[in-house]
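The values are calculated or read from the model by the stated rules, or taken from the named source; none is laboratory data. Just so it is clear, the model here is predicted, and its values are computed rather than measured. Here the Cβ positions follow ideal geometry from the backbone for every residue, glycine too, while neighbour counts run over all protein chains shown.
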Amino acid sequence: MQGSFRIFPGFVQYQPMATESMIIRNILAGLATFALVIPAFAQLQLPGAVRNPTPAGATTTPPAGGGSGGAPKKRASGGGSGEPAAPKPVLVRAPSERTLDGRTLALNGRSGVLRFTRNGAQIELTEMKLSGDKLSKVGESCGVTIPGAPFSVESDGRADGLLQFKANVNACPFTFAVLDGAVMVTHNGSKISTGLGAGTCEIKADDCRGHLAGFWGPPGGGIGPGEAKSIETTRGQAERNARANFKTLIRNARNDREKVKVLAADQAGFSARREEVCRDYLREFQHGYCASRYTEARAVSLAAQLGAVEVDDGTAKPAPKPRPKRPAPPKPAAAPGVAAPAPLQPVIR
């Protein structure tokens with residue numbers, strides 16, 4: 001040290017030089033500043049650290065939703081896995097036998113006659129004629145009227161969501177599914193009549209093998225172009241219903257691979273089955289009646305697997321009529337002797 005000493009009675013005083021005094025003052029100032037910084041630094045926290053002390057036994061999990069103190073985000077409905085909820089099935093109405101009352105139907109819209117008439121609460125088969133091939137001469141056509149009409153018809157439950165009935169015809173009993181103004185006839189387990197005898201009814205007394213199984217609808221020649229648009233609209237709605245319920249079935253079966261395969265194969269084969277049933281319908285390429293009704297049946301079948309079929313029992317409320325438009329208020333007439341204002345003309349600049 002380079003300062004000076006002063007001796008007093010009982011103590012000695014050291015007098016530092018100016019440079020040493022400056023150094024000492026800087027050291028003391030630094031110590032004072034460091035003492036103030038330490039408490040502030042202790043309050044700094046890393047991201048995600050708990051701000052308040054955690055009581056004993058309490059968890060330190062941050063609140064749900066990722067925000068500090070915010071409300072937790074809602075999980076997607078459909079279970080704890082967060083998957084979206086399954087779509088609700090589309091309710092499809094199955095036609096009733098009322099749509100057959102007074103109808104005269106023909107096989108493929110071209111041959112034979114099935115005429116249904118409502119008798120009170122029941123429906124009867126009041127006329128039945130079949131066209132086919134002679135038993136004695138292959139390739140020669142024939143026709144036969146089935147005696148004993150009217151024939152009773154009794155309910156046989158449902159199949160694929162469609163109402164089923166049995167026609168008690170002694171010569172050739174058959175069953176049929178009710179479509180909208182049409183029927184799908186099954187005879188001896190066959191749904192289509194063929195030249196090999198499947199789906200046909202042999203009337204040996206008349207030397208005739210009549211075609212019975214298949215799609216019976218209104219005569220194809222009597223369906224005009226005015227009805228084609230309505231038929232196409234009906235088919236479009238049926239296709240949308242079928243597509244929506246098929247998606248619901250696939251989603252419900254997503255954990256069952258075998259069931260998904262069965263559903264997918266059935267859906268893939270639908271177009272081929274429809275073509276097989278409707279290809280011989282008279283003038284089908286012009287009006288598409290058979291394809292429309294067959295697609296409706298498909299929509300009912302898919303809805304039945306979801307328990308979403310409603311039977312048309314005649315209690316449905318009619319669609320509300322459109323409200324008539326109110327006439328526009330008349331324009332006020334000009335006062336007598338005052339010319340009406342001229343219309344505004346565009347300004348040309």
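Conditions (1) over 13 Å from Y289 (Cβ atoms); (2) surrounded by 17 or more Cβ atoms within 10 Å (Cβ to Cβ), marked per residue:
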position	(1), (2)
K191	yes, yes
I203	yes, yes
D207	yes, no
L212	yes, yes
S230	no, no
T233	no, no
N241	yes, yes
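Rundown of residues vs (1) modelled with pLDDT of 95 or more; (2) of a type outside the set (F, W, Y); (3) surrounded by 15 or more Cβ atoms within 10 Å (Cβ to Cβ), yes/no style:
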site: E83; (1), (2), (3): no, yes, no
site: V92; (1), (2), (3): yes, yes, yes
site: F116; (1), (2), (3): yes, no, yes
site: K129; (1), (2), (3): yes, yes, yes
site: Q164; (1), (2), (3): yes, yes, yes
site: N168; (1), (2), (3): yes, yes, no
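Candidates are the residues of segment 83-136 that are touching a His at 6+ places or on another chain (Cβ under 7 Å) and of a type outside the set (G, A, S); the one that is nearest to K247 (Cα to Cα) is L107. Looking only at residues in segment 182-203 that are among the hydrophobic types (A, V, I, L, M, F, W, C) and in a strand (DSSP E or B), the one that is farthest from R274 (Cα to Cα) is I203.
Having 3 or more residues that are free of Cβ contacts under 8 Å to residues at least 60 places away in the same chain and closer than 30 Å to L100 by Cα is the bar; report the helices (runs of 4 or more DSSP H) wholly within segment 236-295 that clear it. Because the criterion is at least 3 residues that are free of Cβ contacts under 8 Å to residues at least 60 places away in the same chain and closer than 30 Å to L100 by Cα, the helices (runs of 4 or more DSSP H) in segment 236-295 that meet it are 270-278. Where residues in segment 204-225 are in a strand (DSSP E or B) and hydrophobic (A, V, I, L, M, F, W, C), which of them is nearest to G189 (Cα to Cα)? Looking at the filtered set, the residue picked out is F215.
The strands (runs of 3 or more DSSP E) found wholly in segment 124-181 and carrying at least 3 residues that are touching a residue at least 12 places away in the same chain (Cβ under 8 Å) and under 16 Å from S193 (Cβ atoms) occupy 141-145, 174-178.
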